[in-house]
């Protein structure tokens, strides 16, 4: 009399196929083996051939509730799906119960923001090396200071910063996509989705901009293209500054100040949003200043703000301190 193979025997046959026919490495096959052994454990005596989509969904939820990260759950589901697909090919089953099951969405990492002290230090302090450079090439240092202050003051994307003109301009085939209005203490930028917004500028940034504008024309050249003639920020060749140059200058500036992290322009945007939210709690205002189409994109900063509060609590509350 023919005896039906057990679940364990079917798993063994499947793993043998992976080794013999598909030539998978021993390490990979071992991983499949562990994942399928876990499926057996989760089934808790229910034959694998009898498992339904609802069972697999329940197993996935159980793994998630135990703290297994989405990537690991996705790998296990992939191993289970492959096993049931092989059973389908063998005409042992008619439906793959894992086919439509997906792992929980991966948690988006919180944006990295500077502390208030580090942000202020970054945009307002020059290093000893930069002080030396300032005496020889004041234009470069004053340009950097104005750019860094403006990034933090207005929460700009780097493309919005480098796209700024000294004022709104429309001549022939050229028109500004972003511009400075120094008298009104505001800038207008064109962000994602070609949407225009106006953002106020803080006093520290206004002061830095005024200093930069006193030396800006020294970098301009008679043969500079129209785009550069009106650009607010220029490189050492008198051309509109590029996002890459801003990134490199900000990174070098942070390193010279000894900040213990990799600093990039978008970190100043995150810092702007986080610090404004900490002070005001006005999520809608932050959304408008950042130019987010959806409030959901801005809400991530509430998590960042709570993370900051939790750190303060852990450091200050007597019962929160680790023994």
Fill in: Out of 166, 241, sole residue that is surrounded by 13 or more Cβ atoms within 10 Å (Cβ to Cβ), closer than 24 Å to residue 135 by Cβ and in contact with a strand residue (DSSP E or B) (Cβ under 9 Å, 6 or more places away or on another chain)
241
Response to the item:
Here the residues within segment 155-184 that are part of a loop (DSSP other than H, G, I, E, B) and closer than 17 Å to residue 243 by Cα are 155, 156, 157, 163, 177
Worksheet, complete the sentence: Flagged pairs (Cβ under 7 angstrom, 6 or more apart or on separate chains; first in segment 151-179, assigned by TED's automatic domain parsing to the domain that holds residue 233 and without any contact (Cβ under 8 Å) to a residue 40 or more places away in the chain; second surrounded by 18 or more Cβ atoms within 10 Å (Cβ to Cβ) and part of a helix (DSSP H, G or I)) are 178/160
Worksheet item: Only one of (1) exposed (fewer than 13 other Cβ atoms within 10 Å of the Cβ); (2) at pLDDT below 85; (3) within 18 Å of the chain's Cα centre (by Cα) fails for residue 286. Which number is that?
Response: (1)
Discussion item. Condition first: in a loop (DSSP other than H, G, I, E, B) and either surrounded by 13 or more Cβ atoms within 10 Å (Cβ to Cβ) or free of Cβ contacts under 8 Å to residues at least 40 places away in the same chain (or both). Now tell me which residues in segment 222-236 satisfy that.
Written reply: 222, 223, 224, 225, 230, 232, 233, 235
Discussion item. So if I check each of 93, 56, 73, 101, which one is out of contact with any helix residue (DSSP H, G or I) (no Cβ under 6 Å at 6 or more places or on another chain) and either in contact (Cβ under 8 Å) with a residue 24 or more places away in the chain or not assigned by TED's automatic domain parsing to the domain that holds residue 18 (or both)?
Written reply: 56
Item to complete: Go through segment 289-301 and give me each residue that's under 16 Å from the mean Cα position of the chain (by Cα) and in a helix (DSSP H, G or I).
Response: 290, 296, 297, 298, 299, 300, 301
Fill in: Lone unmet requirement of (1) more than 30 Å from residue 279 (Cα to Cα); (2) surrounded by fewer than 17 Cβ atoms within 10 Å (Cβ to Cβ) for residue 124
(1)
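The values are calculated or read from the model by the stated rules, or taken from the named source; none is laboratory data. All values reported here derive from a predicted model rather than from experimental measurement. Reconstructed Cβ throughout: ideal geometry from the backbone, glycine too, with neighbour counts over all protein chains shown.
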